[in-house]
Amino acid sequence: MAMSCRYAAQSCARSLRASSSVKAPAQMLRVSATTRRYNSTEAAAPTNPKIAEIVDQISRLTLLETADLVSSLKSKLNIPDMPIGGFAAAPAAAPAAVEEEAEAAPAAAEKTLFNLKLEAFDAAAKAKVIKEVKGLLGLSLVDSKKFVESAPKMMKENVPKEDAEKIIATMKELGATVTMD
């Protein structure tokens, strides 16, 4: 049932061309403008055959497959999710952001938030470390195991100093090495 955008546009253009011979001259003008507009997008198609092939493959994806593609590309290319409003909200907030940066410069000297990075762990204490990571990060057991085995890896970001010191002490008791940046 899923229809690609290109197929839908082509069939719509065909139906408009077929019905244009019956319509009045003013309506034909609209049809020709629509057809011209449609054809103008064809002229702007990528000339690189590799890109054209990728575009064709993407146009054949279903909505769920497209959503998976977008999320995969975001994670692979480290693209953050845009807040609702996107770029339209950025120019309005720009003057305030400049003022905040000027005020934040002196406050940056005293760092209160830290990033925790799991550097290494003892092989004998692997199970205990996995359980602690599962509890700290709220991951499943399988994800916690993969996380611990992929050390060194960033555990938590923007953690208050007191909490960071507690986590480091707990992980050290279990046999893991955690650094605070």
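The values are calculated or read from the model by the stated rules, or taken from the named source; none is laboratory data. Source: prediction; values computed, not measured. Virtual Cβ from ideal backbone geometry, glycine too; neighbours counted across all protein chains shown. Heads up: the accessible areas ignore ligands, DNA and RNA and are worked out on the full protein's heavy atoms, side chains in. Shrake-Rupley method; radii C 1.70, N 1.55, O 1.52, S 1.80 Å.
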Can you tell me which of ILE54, ILE79, ILE84 is modelled with pLDDT of 85 or more and either part of a helix (DSSP H, G or I) or not hydroxyl-bearing (Ser, Thr, Tyr) (or both)? ILE54
Test LYS117 against the stated conditions and say whether it is surrounded by 12 or more Cβ atoms within 10 Å (Cβ to Cβ), modelled with pLDDT of 60 or more, closer than 30 Å to SER144 by Cα and of a type outside the set (Phe, Trp, Tyr). yes
Out of all the residues in region 136-180, which are more than 15 Å from ASP122 (Cα to Cα), within 25 Å of the chain's Cα centre (by Cα) and not in a helix (DSSP H, G or I)? GLY138, LEU139, SER140, LYS153, MET154, MET155, LYS156, GLU157, ASN158, VAL159
Checking the condition under 14 Å from LEU113 (Cβ atoms) and either open to solvent by less than 70 Å² (accessible area, probe 1.4 Å) or free of Cβ contacts under 8 Å to residues at least 40 places away in the same chain (or both), which residue from LYS156, LYS134 passes? LYS156
